[in-house]
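Take a look at the structure below.
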Amino acid sequence: MTTSSSTPEAGAALGWREGTLVLERTFSAPRARVFAAWTEAERFARWFGPAGSRLEPCRLDARPGGTLHYRHRFDDHEDVWVRGTYLEVRPPERLVFTCHFSDEGGARRDRPGFPGEMRIEVELVEAGGGTRLFIRHAGLDADRGEVQGWTESLDRLAAELGASGTPGEE
Amino acid sequence: MQTDPLSATFAALADPTRRAMLARLSRGEATVTELAEPFDISLPAISRHLKVLERAGLIERGREAQWRPARLAAAPLREVDGWLDQYRRHWEESFDRLEAYLRELESRESDDDDVE
């Protein structure tokens, strides 16, 4: 199996463009081990989420069409349920899944100001004896494009202020 | 409760409903009713949100009952990428934990001859 058509280019470190966050990290473990950490429920729950948070419970069925469903518990924050669906599962190199906010029953529960459906693409590339991991986290514009509109607004304000003393038009 | 302007900006933007309202206003003026429409909260609650945004200098009342975004220094707002920062932080901290977990696995299995 050759690399996918969307092999990440070297140096695609960190950035955000049009609602997609792109990140990269290198791990010293081999790909299969990193892939297993994403696709086995017990392992996934050991690391996914910010420090101090935990996934309790975590159900994960890493097959195309399979479900991800977990409750994310925080020390300083109310619980958040998330549900997702695996789209591509290609060990040890590629994993794609969607997810959205949910409830205990697994229904979709959108929240104003938060993203609706998100899509997470994970690519694992061999790097020496280790693994280079790329994530594309898409859908980070809230429902109805609130964040998009907001950043456009900031750009417009910046442009208006660039013309110092000139009243802008609306 | 007058704090320095940047703190007021942060506080005003810390709420997702207010961010959504601000984004709506970036697309044009709106009345309180129009702003309230996507949310399942009362009009008085909407008005309270608007007051917070107004006190932070982010919006102003226009002609008649319309609200619109106000002119103000864009630079501090550009810094307030908090919305995306939380996702970036989520991943960075997750990766830290993943790294620690992988190392733990490696040291536990250091006697095995794993071939992957």
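The values are calculated or read from the model by the stated rules, or taken from the named source; none is laboratory data. None of the values given here were measured: they were computed from a predicted structure. Positions of Cβ are backbone-derived with ideal geometry, glycine not excepted, and every protein chain shown enters the neighbour counts. What goes into the accessible areas is simple: the full protein's heavy atoms, side chains included, and nothing from ligands, DNA or RNA. Shrake-Rupley method; radii C 1.70, N 1.55, O 1.52, S 1.80 Å.
Does A:Pro57 satisfy the criteria of being surrounded by fewer than 18 Cβ atoms within 10 Å (Cβ to Cβ), outside any loop (DSSP other than H, G, I, E, B) and over 16 Å from the mean Cα position of the chain (by Cα)?
Yes.
Scanning for something surrounded by fewer than 20 Cβ atoms within 10 Å (Cβ to Cβ), part of a strand (DSSP E or B) and either of a type in the set (D, E, K, R) or within 12 Å of another protein chain (Cβ to nearest Cβ) (or both), does segment A:123-130 turn up at least one residue?
Within segment A:123-130, one or more residues are surrounded by fewer than 20 Cβ atoms within 10 Å (Cβ to Cβ), part of a strand (DSSP E or B) and either of a type in the set (D, E, K, R) or within 12 Å of another protein chain (Cβ to nearest Cβ) (or both).
Report the residue count in segment B:15-40 for those that are outside any helix (DSSP H, G or I) and open to solvent by 70 Å² or more (accessible area, probe 1.4 Å).
Keep residues of segment B:15-40 that are outside any helix (DSSP H, G or I), which gives B:15, B:26-31, B:37-40.
Now restrict to residues that are open to solvent by 70 Å² or more (accessible area, probe 1.4 Å): B:27, B:37, B:40.
Number satisfying all stated conditions: 3.
Do we find a residue being modelled with pLDDT of 80 or more and assigned to a loop (DSSP other than H, G, I, E, B) anywhere in segment B:52-62?
Yes, segment B:52-62 has at least one match.
On the given criteria, is A:Glu88 part of a helix (DSSP H, G or I), surrounded by fewer than 16 Cβ atoms within 10 Å (Cβ to Cβ) and either touching a residue at least 40 places away in the same chain (Cβ under 8 Å) or not small (Gly, Ala, Ser) (or both)?
no
Residues being closer than 18 Å to A:Pro92 by Cα, in contact with a Ser or Thr (Cβ under 6 Å, 6 or more places away or on another chain) and more than 9 Å from chain B (Cβ to nearest Cβ): count how many of those fall in segment A:33-74.
So the count comes out to 2.
Quick one: count up the residues across segment B:72-82 that are outside any helix (DSSP H, G or I) and modelled with pLDDT of 50 or more.
1
Quick check on my filter: what residues within segment A:91-136 are in contact (Cβ under 8 Å) with a residue 60 or more places away in the chain and of a type in the set (Phe, Trp, Tyr)?
A:Phe134
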